[in-house]
Amino acid sequence: MCSWLGENPEVLDSVIAAETPEGILLELRPAGLSARFCAFAIDILIRFAILFAALIVGSVLEGLGTALILILYFLLDWFYPVAFELGRDGATPGKSAMGLKVVMDNGLPVTPAASMTRNLLRVADFLPFGYGAAIASMLLSRDCKRLGDLAASTIVVHLPRAAPKATLDMVKPLPPAI
């Protein structure tokens with residue numbers, strides 16, 4: 001998905017070294033603007049699909065339906081990313097589809113306070129219009145952080161890909177030695 005944007009995590013030259021409290025050195029590969037945009041687009045489509053289904057159900061309930069739809073919209077807008085980032089994968093469905101994950105600057109899983117901070121600052125990232133501050137911040141920082149990531153000490157990284165396993169098709173047959 002979004003391969004036309006030309007971002008390949010295997011050829012990124014920006015690798016950040018992070019050391020865990022146990023002294024383990026981790027290599028983090030920050031996600032760029034194109035991968036994060038694609039993940040955001042997937043998440044927006046999922047949220048719109050949920051809201052559309054709620055609109056269909058809510059139209060039957062009239063006034064109560066409108067109230068429930070507004071509450072659902074508020075919850076989806078503010079807590080959708082937080083709920084998924086605090087889960088086991090540390091990523092929303094869009095980030096998972098793009099092979100991304102949110103972690104702390106030191107490579108550890110994101111904390112509840114950090115997830116809330118980075119997602120509450122989406123309002124500031126949206127300014128002046130269309131996530132302009134977020135795009136400017138991501139383009140100006142070496143590790144592609146938006147304002148919410150800077151405030152929460154988090155980073156969106158590419159998940160490491162496992163090396164492909166060798167199969168018999170990959171092994172060249174040799175004639176027996178005589």
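The values are calculated or read from the model by the stated rules, or taken from the named source; none is laboratory data. For clarity, every value in this text was computed on a predicted model and none was experimentally measured. When we count neighbours, we look across all protein chains shown, and the Cβ atoms used for this are built from the backbone with ideal geometry, even at glycine.
Screening the candidates 94, 90 for the property of being within 10 Å of the chain's Cα centre (by Cα) and modelled with pLDDT under 90 yields one hit, 90. For segment 11-48, a residue qualifies if it is small (Gly, Ala, Ser), more than 20 Å from residue 110 (Cβ to Cβ) and assigned to a helix (DSSP H, G or I), and the qualifying residues are 34, 41. Here residue 105 passes the criteria (1) in contact (Cβ under 8 Å) with a residue 60 or more places away in the chain; (2) over 20 Å from residue 17 (Cβ atoms) except the one numbered (2).
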